[in-house]
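Enquirer: First the structure, then my questions, so here it is.
What follows is calculated from the coordinates using simple rules that are stated; it is not laboratory data. All figures in this text were calculated on a predicted structure; none of them were measured in a lab. With ideal geometry, Cβ positions are generated from the backbone for all residues, glycine too; neighbour counts draw on all protein chains shown.
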Amino acid sequence: MTDPVQAQAWIQQHVRPYISQTKIKCITVGNEVLTGNNTQLMSYLLPAMQTVNGALANLGLSKEIFVTTAHSFGILGNSFPPSAGAFRQDLTEYIQSILNFHSQTHSPFLINAYPFFAYKDNPQQVSLNYALFQPDPGMTDSATNLHYDNMLYAQIDAVYSAIKALGHTDIQVKVSETGLAVERGSR
């Protein structure tokens with residue numbers, strides 16, 4: 001959605017009528033676009049975010065409704081220890097521009113964090129209890145001396161470190177998706 005007229009019409013139809021009855025705080029443009037299979041979409045992500053934000057501004061809503069996008073944890077090239085968190089090199093160009101947008105608009109950086117997948121991908125190094133918020137000795141990041149008693153907190157701090165490595169300390173990270181593996185038919 002890079003057409004300002006289309007974005008404004010979408011906001012008028014799908015957002016504005018519900019503002020008085022709900023608490024719309026954020027509009028997410030795309031989900032895991034930077035790690036998806038359609039690499040062509042990557043170059044359209046920021047312009048779409050800017051267009052939607054512009055439509056909100058034209059309607060006087062950009063100070064109360066923020067525009068963002070949700071990222072897969074796969075955007076990180078390194079997440080351990082959390083203080084060494086870094087974005088993948090091949091995505092840095094896109095992420096830097098998105099971070100600049102977040103800084104200018106005060107919108108949050110959304111991450112889809114699934115601690116169980118870290119365990120599943122590396123069960124020799126990651127304790128299941130650590131991934132599932134169960135009692136566990138956890139880990140201490142030797143660079144910061146911060147102790148993590150669960151994987152989710154470590155993942156969030158790795159994202160903060162990656163953001164800081166690109167020069168930003170003014171962007172809030174929020175978890176947009178998380179969950180645990182559930183055996184089919186167990187509900």
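Enquirer: In the range 8-114, which trypsin sites (Lys or Arg not before Pro) are in a loop and have at most 13 other Cβ atoms within 10 Å, using DSSP for the loop call? Mind showing how you got there, number by number?
Expert: On the way: sites: LYS23, LYS25, LYS63, ARG88; in loops: LYS23, LYS25, LYS63, ARG88.
Qualifying residues, ordered by number: LYS23, LYS25, LYS63.
Enquirer: Bin width 5 Å, origin at 0, all Cα-Cα pairs of the range 4-177: what percent of pairs per bin?
Expert: That works out to 1, 8, 16, 19, 17, 13, 11, 8, 4, 2, 0, in percent per bin.
Enquirer: Can you give the % of DSSP beta bridges in the range 4-177 that are antiparallel, to the nearest 5?
Expert: Numbers: 5 of 16 bridges.
Of the beta bridges lying entirely in the range 4-177, close to 30 percent run antiparallel.
Enquirer: Do the alpha carbons of any pairs in LYS25/LYS164; LYS25/LYS174; LYS25/LYS63 sit beyond 21 Å of each other, and which pairs? Numbers along the way, then the final one.
Expert: Numbers: LYS25/LYS164 25 Å; LYS25/LYS174 13 Å; LYS25/LYS63 10 Å.
LYS25/LYS164, as the Cα separations exceed 21 Å there.
Enquirer: In whole Å, largest first, what are the principal axis extents of the Cα atoms in the range 26-84?
Expert: In descending order, the Cα extents are 42, 28, 13 Å.
Enquirer: Oh, and also: Contact order normalised by length for the chain, with contacts defined as Cα pairs under 8 Å and 6 or more residues apart; what percent is it?
Expert: Working: 285 pairs, mean separation 40.1, N = 187.
That works out to 21 percent.
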